[in-house]
Amino acid sequence: MSPQQILNDEVRNQVKSIFDAEMREPVHIVHFTTDDARCMYCDVTRQLLREVAELSDHITLTEYDLTKDAAQAEAYGVDRAPTTIIAAQEGDEVVDYGVRFFGIPAEYEFSSLLHTITQVSKRDPGLSPRTLEFLKNLEDEIRFLVFVTPSCPYCPNMVVLTHRMALASPKVKASMVEALEFPEWASEYGVSGVPHTVINEGAGEVIGAVPEEHLVHEIEHALLHLHDEPHDHHH
């Protein structure tokens, strides 16, 4: 039996009109799922992505099984499900910007999904010149984990902002993590409120939604932290 349609006609029409207005270049959604019964949201996430992909000719959706397609999972660095990668399609090549959704992009996070798809399609991160310059000069890799819950209205701001930064720089990787689906992961970083953005495994963190300049400042702070580390080995 196929799962119930998730998006009602009104939402489908809204999404279609957003896509019709904003989509430019091809987008490839790469999705990792599992048949493991413990994955409560795998089926509904897959169904949601199928419905979204149907709403634009610019979107290709490829589904992989975390266990059966182990080689692909390893290639994309994916070790849990559901995981969704919003990549660009350039000719035959899938261009991975390091943009991830771990868990279902539902409720408020549905808007993050749509924003990220359209930004990737435009091939434009939509950031200030100052931020772009900062990202262009990055020498170190920056990894964002943005912990969210679907009912958090401020969370999409941080998810979309970090995804835009990943789009702007090959040095930046940005993931939304739905905290309720990955509680161990959330508690590993002491997440109690959302959005909670972790920079480089805890070298920096931002609680709440902040503007672009503030996040740049926090990245700089986390990088100072990173470059202080080697001196510690002398003690």
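Every number in this text was worked out from the coordinates using simple rules, so none of it is lab data. Computed from a predicted structure; not experimentally measured. Note that we place each Cβ from the backbone using ideal geometry, even for glycine, and neighbour counts take in every protein chain shown.
Just to verify a number: FRET efficiency for residue 9 and residue 68, C-beta to C-beta distance, R0 = 30 Å, to 0.05?
So the FRET efficiency works out to roughly 0.30.
At 222 nm, what helix-only mean residue ellipticity would the chain give, in deg cm²/dmol to the nearest 500, using -39500 (n - 2.57) for each DSSP H run of four or more?
-12000 deg cm²/dmol
What Kirkwood hydrodynamic radius do you get for the chain when you take the inverse of the mean 1/r over all pairs of distinct Cα atoms, in Å?
So the Kirkwood estimate lands at 18.3 Å.
Binning at 10 angstrom from zero up to the longest distance, how are the C-alpha pair distances of segment 24-109 distributed in percent?
Each 10 Å bin holds this share of Cα pairs: 18, 52, 28, 2.
Calculate the spin-label point distance for residue 136 paired with residue 35, positioning each point 7 Å from the Cα along the beta-carbon direction, and give it in nanometres.
5.0 nm
List the trypsin sites (Lys or Arg not before Pro) within segment 1-54 that DSSP assigns to loop and that have no more than 13 neighbouring Cβ atoms inside 10 Å.
Sites meeting the loop and neighbour criteria: 24, 38.
Taking square-rooted eigenvalues a ≥ b ≥ c of the alpha carbon gyration tensor, is segment 115-235 rounded, prolate or oblate, where a/c under 1.5 means rounded and, failing that, a/b exceeding b/c means prolate?
Oblate shape, in that a/c is at least 1.5 and b/c is the bigger or equal ratio.
May I ask for the longest run of the chain untouched by GluC sites (Glu not before Pro) that are loop-located per DSSP and have at most 16 neighbouring C-beta atoms (other than their own) within 10 Å?
Counting only loop sites that pass the neighbour cut-off, the longest clear stretch is 142-235.
Where in the chain are the helices, taken as whole DSSP H runs, whose Cα atoms extend 15 angstrom or more along the long axis and whose Kyte-Doolittle mean reaches at least 0.5?
155-168
Which of 160, 15, 177 moves the most in a Gaussian network model of the chain with Cα springs under 10 Å?
Maximum fluctuation in the GNM of the chain, among the listed residues, is at 15.
For residue 172, what residues show an amide H to amide H distance below 5 Å, using hydrogens built from the backbone and excluding near sequence neighbours?
142
Check which residues have an amide H placed less than 5 Å from residue 177's amide H, if you skip close sequence neighbours.
For residue 177, the qualifying residues are 102, 146, 147, 148.
Express in nm, to one decimal, how much length is gained between residue 20 and residue 224 on full extension, taking 0.36 nm for each residue of separation and deducting their alpha carbon distance.
Length difference between fully extended and current span is 69.1 nm.
When only Cα pairs under 8 Å and 6 or more residues apart are kept, what is the percent relative contact order across the chain?
17 percent
In segment 109-142, which trypsin sites (Lys or Arg not before Pro) are in a loop and have at most 16 other Cβ atoms within 10 Å, using DSSP for the loop call?
123
Quote the relative contact order of segment 24-115 in percent (integer), defining contacts as alpha-carbon pairs under 8 Å separated by 6+ residues.
Computed value for segment 24-115: 36 percent relative contact order.
With Cβ to Cβ distances under 14 Å as the rule, what net charge do the other residues near residue 19 carry (K, R +1; D, E -1)?
-2
Amide H of residue 29 versus every other amide H placed in the peptide plane: which residues, excluding those fewer than 5 positions away on the same chain, fall under 5 Å?
When sequence neighbours closer than 5 places are left aside, the close amide H contacts are 60, 61, 62, 87.
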